[in-house]
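The values are calculated or read from the model by the stated rules, or taken from the named source; none is laboratory data. What you are looking at is a predicted structure, and each value in this text was computed from that prediction instead of being measured. Positions of Cβ are backbone-derived with ideal geometry, glycine not excepted, and every protein chain shown enters the neighbour counts. Each accessible area value is taken on the protein alone, full model and side chains, heavy atoms only, with ligands, DNA and RNA left out. Shrake-Rupley method; radii C 1.70, N 1.55, O 1.52, S 1.80 Å.
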Amino acid sequence: QVQLVESGGGLVQAGDSLRLSCAVSGLRFSSYAMGWFRQVPGKEREFVGVISWSGLSTDYTDSVKGRFTISRDNAKNTVYLQMDSLKPEDTAAYYCAASVAYKTDERNYHFWGQGTRVTVSS
């Protein structure tokens, strides 16, 4: 059974930092690209960033470039999303997902976590 479990969300103030974690089990983690997505109620889910299986390649949506960093530890089957200089518009539920391909389109992701909520107050 594949499981992706996010953690690390919470309530912070604008300018603060948070690090989200996503622990993965039930699949060969080192063979999957890992993506982060976010969703605000009433809006479509949005791509945040992706990291390749090796960790050597990353890609981000423009609104988080220079503020968010994705990393992974294949020995721990965990992917991270370091979020710095948080803004109120970053408020959302954040989801990690696994894909066999290094893609930004959520339709390529077949395994998803349950999400962790991030709230950034102004």
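Looking at Gly35, is it more than 14 Å from Tyr109 (Cβ to Cβ), out of contact with any helix residue (DSSP H, G or I) (no Cβ under 7 Å at 6 or more places or on another chain) and either of a type outside the set (D, E, K, R) or at pLDDT below 95 (or both)? Here the answer is no, as Gly35 does not meet what is asked.
Somewhere in the range 101-111, is a residue in a strand (DSSP E or B) and either in contact with a helix residue (DSSP H, G or I) (Cβ under 6 Å, 6 or more places away or on another chain) or touching a residue at least 12 places away in the same chain (Cβ under 8 Å) (or both)? Yes, some residue in the range 101-111 is in a strand (DSSP E or B) and either in contact with a helix residue (DSSP H, G or I) (Cβ under 6 Å, 6 or more places away or on another chain) or touching a residue at least 12 places away in the same chain (Cβ under 8 Å) (or both).
For the range 74-114, a tally of residues being open to solvent by less than 20 Å² (accessible area, probe 1.4 Å), under 20 Å from Gln13 (Cα atoms) and not charged (D, E, K, R) returns 6. Any residue in the range 37-56 that is under 14 Å from Tyr94 (Cβ atoms) and of a type in the set (Lys, Arg) sitting within a Cβ distance under 6 Å of a residue that is modelled with pLDDT of 95 or more and in a strand (DSSP E or B)? List the pairs, counting only those 6 or more apart or interchain. Pairs found: Arg38/Glu46; Arg38/Val48; Arg38/Ala92; Arg38/Tyr94; Arg45/Phe37; Arg45/Gln39.
When Ser63 is tested against (1) touching an Asp or Glu at 6+ places or on another chain (Cβ under 8 Å); (2) assigned to a strand (DSSP E or B); (3) open to solvent by 10 Å² or more (accessible area, probe 1.4 Å); (4) not aliphatic (A, V, I, L, M), just one condition goes unmet, and that condition is (2).
Considering the range 17-67, and only residues there that are over 13 Å from the mean Cα position of the chain (by Cα) and among the aliphatic types (A, V, I, L, M), the residue that is farthest from Ala101 (Cα to Cα) turns out to be Val40. When Pro41 is tested against (1) farther than 14 Å from Gly115 by Cα; (2) surrounded by fewer than 14 Cβ atoms within 10 Å (Cβ to Cβ), exactly one condition is not met: (1).
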